[in-house]
Amino acid sequence: MSTTVTVPPGSGPAPAATAEAPQRDLVRHWTTPVTFAVLTVVSLLVFALGASGREATFRISTDADAVRIPDLVAPTVPVGWAVTVLLAALTAWGFVAVRRRGTVQGWVSALFAVLFVVGFLVWVVGAADTTTVFLTGLVAGAFALAVPLIFGSMAGVLSERAGVVNIAIEGQLLAGAFTAAVTGSVTGSAWAGLLAAVVAGVLVSTLLAVFSIRYLVNQVIVGVVLNVLVAGLTSFLFSTLLSSDSSRYNSPPHFGTVRIPVLADIPVLGPILFDQTVLGYGMYLIVAALYVGLFHTRWGLRVRAVGEHPKAADTVGINVLRTRYANVLLAGAIAGMGGAFFTLVNSSSFSKEMTAGQGFIALAAVIFGRWNPIGAFFAALLFGFATNMQFVLAILGTPVPSQFMAMLPYLVTILVVAGLVGRSRGPAAAGTPYVKE
């Protein structure tokens, strides 16, 4: 939803008209504030007027922790009204921002999302059969579910920054999960399984690169075909090979957790962030390396130039095709690591289509994170939190139907891709083949 307002060049003060270039059409995007208004009405009806009147208790630490943090008790009615008032204020701010600048600032959308989640948590826990929830466990579960999404989103950022839309993240994750399970089971080594997952991800991304860069096939079509190909191939091999002798081919070893003594003792966040597996710590390094590499090195400047204006990059001597090939293959390796997380950390064996569309959710995290590694990281955490909510709240016995909770992560994905949480613009040349003249 957007409107265009034409500002006549001579309508402003004379000094401003002579000192600045003539003002162009201002495109106003009203989708975000309208969405804010709708969600504020939902908050009023559900979180405020529909509050149970009981108290929601959030347990932060246990008696076994070195530092015992008191439980957080939130009365549902006052919190519901407070959240609704704050959401209404942010909605008004959003309308004013669009009126003046044409769009809503990112921090406003982020703050609105946090407040809405807080209101939802207090309301749903207060209305549940069990009004006490272990908040640290909820966050830890969300973080664990977000790890493959973070790997997938980093692959998407790296590929699309170079101008290639990576729809095949789902296939890369699934191929990595399958090869990690088989190789790890046969060799008895989790490290061998991880290496095989990286190779599988690179192989899938090689097909994507060759067809989209060399033969100029539509990148979206190639990605969809690769996803279907990998899903069909792994399902066939699962039925014919893994199911026949699961103890030999589908019983991979697992990476154990590595606890960092001092950092892991930090209350609340310590056990979540610093009691991880090798893949968890590798995820931190990849996110940091991609952020620094893309925005603070010459290599990153060249990659972004290829993704924004490949012809100009070619003119100054950057090899556009080689840069795209390298980035797509590296993205496949990262996605393969995310696939290995499914079978070497999160699950005891491989199953058919076990990624369950998480590659597409990772692609949505790329869009929500505005093609920035840090933004995609936090967007993936949001999707992991939405996924974990369906399991935790189902156990608590909430009044929310289980079918709604099951579709919650995909509903958030649709809202993000539709641009209802803020407008974002990707690399200008993403999805556009380049032919050297």
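The values are calculated or read from the model by the stated rules, or taken from the named source; none is laboratory data. Quantities reported herein were computed from a predicted structural model and do not represent experimental measurements. All Cβ positions, glycine included, derive from the backbone under ideal geometry; neighbour counts span all protein chains shown. To get the accessible areas, we keep the full protein, side chains included, count just its heavy atoms, and leave off ligands, DNA and RNA. Shrake-Rupley method; radii C 1.70, N 1.55, O 1.52, S 1.80 Å.
Worth pointing out:
- With a Förster radius of 25 Å applied to the beta-carbon distance between ILE260 and ARG68, the computed FRET efficiency rounds to 0.70.
- Length-normalised contact order of the range 43-122 in % [C-alpha pairs under 8 Å, at least 6 apart]: 33 percent
- As a length-normalised measure over Cα pairs under 8 Å and 6 or more apart, the relative contact order of the range 189-298 settles at 19 percent.
- With DNA, RNA and ligands ignored, accessible area of ARG68 (1.4 Å probe; Å², nearest 10): 100 Å²
- When a 1.4 Å probe is rolled over the protein heavy atoms, the share of accessible surface on the chain that falls to carbon and sulfur comes to 68 percent.
- Full extension of the chain segment joining LEU301 with PHE391 gains 28.2 nm, where the gain is 0.36 nm per residue of separation less the Cα-Cα distance.
- Of the options (i) 23.7; (ii) 22.7; (iii) 32.7, only one is Kirkwood radius over Cα pairs in Å as computed from these coordinates, and that is (i).
- Accessible area per residue, Å², the chain with all protein chains present, probe 1.4 Å: 47 Å²
- Ranked order, ASP314, ASP71 - accessible area, probe 1.4 Å, largest first: ASP71, ASP314
- Shape class for the range 168-295: oblate, because the ratio a/c of the largest to smallest gyration tensor axis (alpha-carbon atoms, square roots of eigenvalues) is 1.5 or more and b/c is at least a/b.
- Remark: spin-label model distance ALA288-VAL41 equals 4.7 nm, labels positioned 7 Å along the Cα→Cβ axis.
- As a length-normalised measure over Cα pairs under 8 Å and 6 or more apart, the relative contact order of the chain settles at 23 percent.
- Protection proxy ranking of 77-90, 325-338, 146-159, 376-389 - average other beta-carbon atoms within 10 Å, highest first: 146-159, 325-338, 376-389, 77-90
- Computed over protein heavy atoms with a 1.4 angstrom probe, the accessible surface ordering of ARG304, ARG259, largest first, is ARG259, ARG304.
- Computed label-point distance, nm, for sites SER189 and SER347 using a 7 Å Cα→Cβ extension: 2.5 nm
- Protein-only accessible surface order, largest first, of LEU195, LEU294 at 1.4 Å: LEU195, LEU294
- Listed residues TRP107, TRP93, TRP123, most fluctuating in the chain (Gaussian network, C-alpha, under 10 Å): TRP107
- Positive end of the dipole of the chain (Cβ unit charges, origin at the Cα centre): among ASN319, LEU381, ALA365, the Cα lying farthest that way belongs to ASN319.
- Stretching the chain fully between ILE374 and VAL96 yields a gain of 97.3 nm (0.36 nm per residue, less the alpha carbon separation).
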